[in-house]
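> Below you will find the structure I want to go over with you.
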Amino acid sequence: MQGFGETIFAEMSALAVRTGAINLGQGFPDEEGPEAVLDAAVEAIRTGANQYPPGPGLPRLREAVSAQRLARYGLSYDPATEVFVTVGATEGIAASVLALAGPGDEVIVFEPYYDSYAAVIALAGAVRRPVTLRPVEGRFTFDPDELRAAVGPRTKAILVNSPHNPAGTVFTRAELEAIAGVCREHDLVAITDEVYEYLTFDDAEHIPLATLDGMRERTVAVSSAGKSFSVTGWKTGWVTAPAPYVRAVQTVKQFLTYAVSAPYQRAAAYALANEIPWVEELRKSLQAKRDRLITGLEAAGFSTYRPQGTYFVQADIRPLGFTDGMALARALPEKAGVVAIPTQVFYDDAAAGAHFVRFAFCKKDEVIDEAVERLARLR
Ligand code: GLN
């Protein structure tokens, strides 16, 4: 793990605390999730959910996840053998990669990629093969030829994140078909990171890769409660996949953490079963916050990409005369009292991302307003 150092989120959140800057870096909401969900966690502690739960997860949460995938996407998973619970999506992804890729194997990722992907591919002794998402008509996408060219004899898996952090892209059916075609042709497993599955905007629709022809049998899907219910600190996630994959991933997971915090599992099960209407309100509110932040960033002189999902806006810093997003992100608290994430850390090809910084809009309106007012000083 030499070379991985501290995550950019830890570095930038510490910088925000140290300088008192507004933190639009690490993506976490500054408003609470549904009260009944919070109560469910408290109630769970008060009513005895305090010893080791079953390794694969509480049956009630596995049943709730199974019901959610069926109701929302028409995907059927047996809660007993095809669903299991992980410490956030992060552990679900980690256990999946460790289970499915070994030393020298290759895993394709779309860059900019979420930072834990690179780290866990390294932990597996595997090699990442990035395919770069580039802006085309205001939206980040990939060239299917580059995807096909990234496949080699050692390729085992493709990690697919949609809605995509940090690019904000929600893959279209055509883009997913291109990915599925490569998986089918080369017999690859897809590991899908769907943590923003509910947080899509305008007419963008989240389509799970597993719903495409021939993909359910080769897809390990990962999601979590953090983003949907504004409880990012709960670290409660789940994996849905055919039973042999679940067994493989579970074999790894049991030695990482064995089981997942019992009270939060109960509360997440409650949330999935009862609070989807709340999530729809959250989605609408985030869409308005996205627009609010974009208007402010544009007024401050950035050019921006309007995300179709997630918590994040990519901003191009060049119109303001800057070229290095890392240098700007480190100086931004002093220059403007705001913290952002330099997108280049999510690329192998750092030059491709050098001029982007990522701002989070999962914040109170007044926090967004104050941040963009401060950023206007950059001119
Ligand atoms: N997913 C959050 C983000 O992208 C950060 C999570 C973390 O700190 N690892 O900002």
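Laboratory data are not the source of any read-out in this text; all were calculated from the coordinates shown. Given the structure is predicted, the values throughout are model-derived calculations rather than measurements. No Cβ is skipped: glycine too gets one built from the backbone with ideal geometry, and neighbour counts run over all protein chains shown.
> Starting from the range 186-270, pick out the GluC sites (Glu not before Pro) whose DSSP state is loop and whose Cβ has at most 12 other Cβ atoms within 10 Å.
Qualifying residues, ordered by number: Glu205.
> What base-10 log of the normalised intensity I(q)/I(0) is obtained for the range 13-109 from the Debye formula, alpha carbons as equal point scatterers, at q = 0.11, 0.19 Å⁻¹?
Those come out to -0.59, -1.15, one per q.
> Something else about it: Using the alpha-carbon centroid of each, what span in Å lies between the range 43-88 and the range 240-271?
Between the Cα centre of the range 43-88 and that of the range 240-271, the gap is 8 Å.
> Round to a whole angstrom and tell me the spacing of the C-alpha centers of the range 89-111 and the range 304-356.
One Cα centre to the other: 27 Å.
> Another question, if that's okay. For Cα pairs less than 8 Å apart in space and 6+ apart in sequence, what is the mean separation divided by the residue count of the chain, i.e. the relative contact order in percent?
The normalised contact order for the chain reaches 24 percent.
> At 30 Å minimum axial length over the Cα atoms and a Kyte-Doolittle cut of -1.0, report the qualifying DSSP H helices in the chain, or say none.
Answer set is 276-300.
> Can you give the Rg to Rh ratio of the range 133-209, both from alpha-carbon atoms, with Rh computed by the Kirkwood formula?
For the range 133-209, the value is 0.96.
> How large is the convex hull of the Cα atoms of the range 173-320 per residue, expressed in Å³ as a whole number?
Each residue corresponds to 159 Å³ of Cα convex hull volume.
> Okay, next question. Dividing the alpha-carbon radius of gyration of the range 249-379 by 2.2 N^0.38 Å (N being the number of residues), what value is obtained?
Normalised Rg, Cα atoms only: 1.33.
> While we're on this one: Report Rg(Cα)/(2.2 N^0.38 Å) for the range 114-260, keeping two decimals.
Scaled against compact globular proteins, the figure is 1.05.
> Could I ask something else about it? Only bridges with both residues in the chain count here: give the DSSP antiparallel percent, nearest 5.
Percentage antiparallel, nearest 5: 50.
> So what are the radius of gyration and Dmax for the Cα set of the chain, in Å?
For the chain, the Cα-based Rg and Dmax read 20.1, 58 Å.
> Determine ³J(HN,Hα), in whole Hz, for all residues of the range 136-152 in sequence, where each value follows from phi through the Karplus function 6.51 cos²θ - 1.76 cosθ + 1.60 and θ = phi - 60°; x replaces Gly and Pro.
Running phi through 6.51 cos²θ - 1.76 cosθ + 1.60 with θ = phi - 60° gives 10, 6, x, 9, 7, 8, 10, 8, x, 5, 5, 5, 4, 5, 7, 7, x Hz.
> Now for a separate question. Between Ala243 and Arg184, what FRET efficiency follows from the Cβ-Cβ distance if R0 is 25 Å, with the result rounded to 0.05?
0.80
> Could you count how many Lys pairs in the chain have their Cα atoms under 24 Å apart, skipping same-chain pairs fewer than 8 positions apart?
Eligible lysine pairs with Cα atoms under 24 Å apart amount to 18.
> Can you work out ³J(HN,Hα) from phi for every residue in the range 225-233, in order, using Karplus 6.51 cos²θ - 1.76 cosθ + 1.60 and θ = phi - 60°, giving whole Hz and x for Gly and Pro?
With the stated coefficients, the range 225-233 comes to 7, x, 7, 5, 10, 6, 10, 5, x Hz.
> On the principal axes of its Cα set, how long, how wide and how thick is the range 182-228? Give whole Å, largest value first.
On the principal axes, the range 182-228 reaches 33, 23, 13 Å in Cα extent.
> Relative to the present Cα-Cα distance, how much length would full extension add between Asp145 and Thr172 at 0.36 nm per residue of separation?
8.0 nm
> Shifting gears a bit: Could you give the dipole magnitude of the chain about its Cα centre, charging the beta-carbon of Lys and Arg +1 and that of Asp and Glu -1, in debye to the nearest 20?
Computed about the Cα centre, the dipole is about 500 debye.
> Follow-up question, since we're still on this one. I'd like to compare 316-322, 249-255, 2-8: which one has the highest average count of other Cβ atoms within 10 Å, and what's the full order after that?
Final packing ranking: 249-255, 316-322, 2-8.
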